[in-house]
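To start, the structure under review is shown below, and the notes come after it.
The values are calculated or read from the model by the stated rules, or taken from the named source; none is laboratory data. What you see is a predicted model, and the numbers here were worked out from it, not measured in a lab. Here the Cβ positions follow ideal geometry from the backbone for every residue, glycine too, while neighbour counts run over all protein chains shown.
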């Protein structure tokens, strides 16, 4: 190997080491479906809304969910019927929990309710395999007769690579 090639090979290996340090996080593209509905029993929300359901997704995001509404804002005057909400959503799997702050907008009407919503979920904490996780997930949901069907996508970065590429 010539000195020039050896020099460039050394530079490339050094740069790779800087980009992927030991213990670096492993980011996964998430795709999941949450199906949940109102769960008033034991709900701690000051607004009287909690939701419980199931999640089925890739990269081990399978289990149950529980959402507690903890903030509501008035809609803009130019957008009647819309609401702005925020709350904590906990994903519980056999490998740990993932807690996210979900904030979004929606238009839900009637009893039973129907409508749609979209929100951003920012990772705030985790346990087990989700300890130290970071990332953002995006929720696009429809509400059909008070059952929410939430399509979740985004990126979840775990503190260690668990080898789960599905």
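A few remarks follow.
- Count - residues of the stretch 72-129 that are touching a helix residue (DSSP H, G or I) at 6+ places or on another chain (Cβ under 7 Å) and surrounded by fewer than 18 Cβ atoms within 10 Å (Cβ to Cβ): 2
- Qualifying residue in the stretch 129-136 (condition: under 21 Å from residue 39 (Cβ atoms), in a strand (DSSP E or B) and without any contact (Cβ under 8 Å) to a residue 40 or more places away in the chain): no
- Residue in the stretch 21-55 that is modelled with the highest pLDDT, counting only those that are surrounded by fewer than 12 Cβ atoms within 10 Å (Cβ to Cβ) and farther than 19 Å from residue 85 by Cα: 29
- Any hit, the stretch 66-89, residues being in a strand (DSSP E or B), over 20 Å from residue 44 (Cα atoms) and at pLDDT 95 or above: no
- Contact map, the stretch 41-60: first residue touching a residue at least 40 places away in the same chain (Cβ under 8 Å) and on the phi > 0 side of the Ramachandran plot, second residue buried (at least 16 other Cβ atoms within 10 Å of the Cβ) and assigned to a loop (DSSP other than H, G, I, E, B), Cβ cut-off under 8 Å, separation 6 or more or different chains; pairs are 60/95.
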